[in-house]
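Undergrad: Have a look at this one.
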Amino acid sequence: MLELEGRAVADGIWDKAQDLAMNSGLGEVWRALTDGYLEVTPSGGIHLLYRIADEPVPGNTKVAKRPGINDTIEVLVETRGEGGFVITAPSGGSTHPSGQPWLLAKGSPANIAMLSWEERQAIHAIFKTFDRMPVKEEIVKPTSHESHDRPGDDFNARATWHEILEPKGWRVVYSD
């Protein structure tokens, strides 16, 4: 299952993802997925249920996130798979704190889309483009044998005599 949180739908990610799918040659896959089983969650999110034809179902994955307030992380798009669970329509009442139900908007359990692994990955790649988490940069300090403290040490360590001498017109001659 692929889930767009209500905040993601409110931010326009659903519409943008659909445009990306249609304009990247994934229109047929998108239609199969969205026509097969699509439900709306009490928070205004979207659940897309699908099956995978040629690979085992992986576990839950956070596909797209963004920084939240007070150093929190807000999930925008995620999956539920092996080891996870999902509430589906027609659930309501005390299931959600709001008391509102999950509503089936399109399709049925009999029409859940069957995607290849490649198609699944392509759809997930579309939603990954909405990830807004900053990339953590890592500074790697060279090990002691790689340390080059003086200007030119790194160049000298990597350059060969051919690279240094031949551009100046010198020839390297090896003798026994």
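The values are calculated or read from the model by the stated rules, or taken from the named source; none is laboratory data. Predicted model, so just to flag it, every value in this text is computed and none were measured. Surface areas here come from the heavy atoms of the whole protein model, side chains and all, with no ligands, DNA or RNA. Shrake-Rupley method; radii C 1.70, N 1.55, O 1.52, S 1.80 Å.
Undergrad: Just to confirm, what accessible area per residue do you get for region 75-137 at 1.4 Å probe, in whole Å²?
TA: With all protein chains present, region 75-137 gives 62 Å² per residue.
Undergrad: Here are some pairs, Lys62/Lys128; Lys62/Lys136; Lys62/Lys106; which of them have Cα atoms lying more than 19 Å apart in this structure?
TA: Beyond 19 Å between Cα atoms: Lys62/Lys106.
Undergrad: Please pull out the direction-averaged projected area of region 1-94, using the convex hull of its alpha-carbon atoms, in nm² to one decimal place.
TA: With every direction weighted equally, the projected area is 7.6 nm².
Undergrad: What area, in nm² and to one decimal, does the C-alpha convex hull of region 40-105 cast on average over all directions?
TA: 5.9 nm²
Undergrad: Continuing with this model, one more query. Expressed as a whole percentage, what fraction of the accessible surface of region 1-76 belongs to carbon and sulfur atoms when a 1.4 Å probe is rolled over the protein heavy atoms?
TA: With neighbouring chains kept in place, the figure for region 1-76 is 48 percent.
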